[in-house]
Every structure is written in structure tokens, then in C-alpha cells.
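Enquirer: My questions will all concern the structure given below.
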Amino acid sequence: MSKVNWARVKEILDNSLIRWQTEHGREPKMRAVHEGHIGWNSKEELMESRPYDKQLIEPDKIGNGRAEETNLVRILKKNIGGFRRMPSRGPYIPDDEINELVQWINDGVPD
Ligand code: HEM
């Protein structure tokens, strides 16, 4: 499989919100509903995202085969703690795209 880069990761996450908006007929209120910061205009912003004190990509899980343990990958696959699977109420990110996110994190989050 070819290497997944940051542009592809951003595209996958951006597309998930476009699909959400189409399905629900309104813009998702990402800032309002996620306590703490969430965003991915840049890779740095994604790395600093920490909604509800859950860092999306924990540094100790990068580049060592532990991507599936990150909060980002976990919450895209199923509920965690009291939080439902994201994006809330779907449509969810397809498995093959989640696998690309996993590959990117395991590759060490390349630009
Ligand atoms: C640990 C990570 C996350 C937590 C704890 C979290 C938590 C929440 C909570 C509490 C809500 C409001 C209640 C609800 O609608 O269920 C919400 C809504 C939402 N979240 Fe997340 N979220 C996380 C990550 C994400 C990610 C990575 C995405 C996108 C890929 C996302 C997309 C959404 C959307 C689209 C909504 C609905 C917004 C609206 O109703 O306007 N969330 N999330």
C-alpha cells in the first residue's frame, strides 16, 4: 500500500464532516459540542486536539504499532467511555479509511 500522508488524513477527516452535513442537513457544531479543542486545519492542530481531555493521538502511540489504541481510532470505531462513536450518529468513516489513519499513525505521522 502506498504511504498515507497528512493531506490524505486531512481529506478523510474533512470528508467525514461533509458527509455528516449532507446527512443531517446542517453544519456540525464541532467547536460548541467538543469541550476542549478539536480541529485539523494543520497536523499540529490535530496533534494538540484534546476533546473532553482525551488527546486524539497520544504521542506514545505513534510509530510503534499502537495506532489502534489511540483515542482517535478507537472513537471512530466504537463508543468509548460515555461517548458514542464519532462522527456522532454517523455516517461513520468507512473501515478502509480508518485503516489509512491507522497506517499513518503507525508510520510516524509523516507530512
Ligand atoms: C475522543 C474524541 C471525541 C469525543 C470525546 C467526542 C465527543 C463528542 C460529544 C460529547 C458530542 C456531543 C454529543 C453527541 O452528539 O454525541 C460530539 C458530537 C460530534 N462529534 Fe465528537 N467527539 C470526539 C471526536 C470526534 C471526531 C474525531 C469527529 C470527526 C471525525 C467528531 C465529530 C462529531 C460530530 C460531527 C458531532 C455532532 C456535532 C453537532 O451535532 O453539531 N467527534 N462529540
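Enquirer: Could you check region 15-45 and list, in sequence order, the residues that are hydrophobic (A, V, I, L, M, F, W, C) and within 9 Å of the ligand (Cβ to nearest atom)?
Expert: Leu17, Trp20, Met30, Ala32, Val33, Ile38, Trp40
Enquirer: Next up: Being polar (S, T, N, Q) and surrounded by 16 or more Cβ atoms within 10 Å (Cβ to Cβ) is the filter here; which residues of region 12-43 pass it? Steps first, answer last, please.
Expert: Let us first name the residues in region 12-43 that are polar (S, T, N, Q), namely 15-16, 21-22, 41-42.
The one that is polar (S, T, N, Q) and surrounded by 16 or more Cβ atoms within 10 Å (Cβ to Cβ): Ser16.
Enquirer: Quick check on this structure: which one of Val73, Val9 is surrounded by 14 or more Cβ atoms within 10 Å (Cβ to Cβ), more than 10 Å from the ligand (Cβ to nearest atom) and part of a helix (DSSP H, G or I)? Before you say what the answer is, go through the steps one by one.
Expert: Values: Val73 fails: more than 10 Å from the ligand (Cβ to nearest atom).
Selected residue: Val9, the only one of Val73, Val9 that is surrounded by 14 or more Cβ atoms within 10 Å (Cβ to Cβ), more than 10 Å from the ligand (Cβ to nearest atom) and part of a helix (DSSP H, G or I).
Enquirer: Please work out if Leu101 is in contact (Cβ under 8 Å) with a residue 40 or more places away in the chain, within 13 Å of the ligand (Cβ to nearest atom), part of a helix (DSSP H, G or I) and within 18 Å of Trp6 (Cβ to Cβ). First the steps, then the outcome.
Expert: Values: in contact (Cβ under 8 Å) with a residue 40 or more places away in the chain: yes; within 13 Å of the ligand (Cβ to nearest atom): yes; part of a helix (DSSP H, G or I): yes; within 18 Å of Trp6 (Cβ to Cβ): yes.
Yes; evaluated as a whole, the condition is true for this residue.
Enquirer: With free of Cβ contacts under 8 Å to residues at least 60 places away in the same chain, assigned to a loop (DSSP other than H, G, I, E, B) and of a type in the set (Lys, Arg) as the only criterion, which of Arg89, Arg31, Arg85 stands out?
Expert: Values: Arg89 fails: free of Cβ contacts under 8 Å to residues at least 60 places away in the same chain; Arg31 fails: assigned to a loop (DSSP other than H, G, I, E, B).
Answer to the selection: Arg85.
Just so you know, all these numbers are worked out from the coordinates, no wet-lab data involved. Note that the structure is predicted; figures quoted are calculated from it, not measured. As a convention, Cβ positions derive from the backbone with ideal geometry for all residues, glycine included, and neighbour counts pool all protein chains shown.
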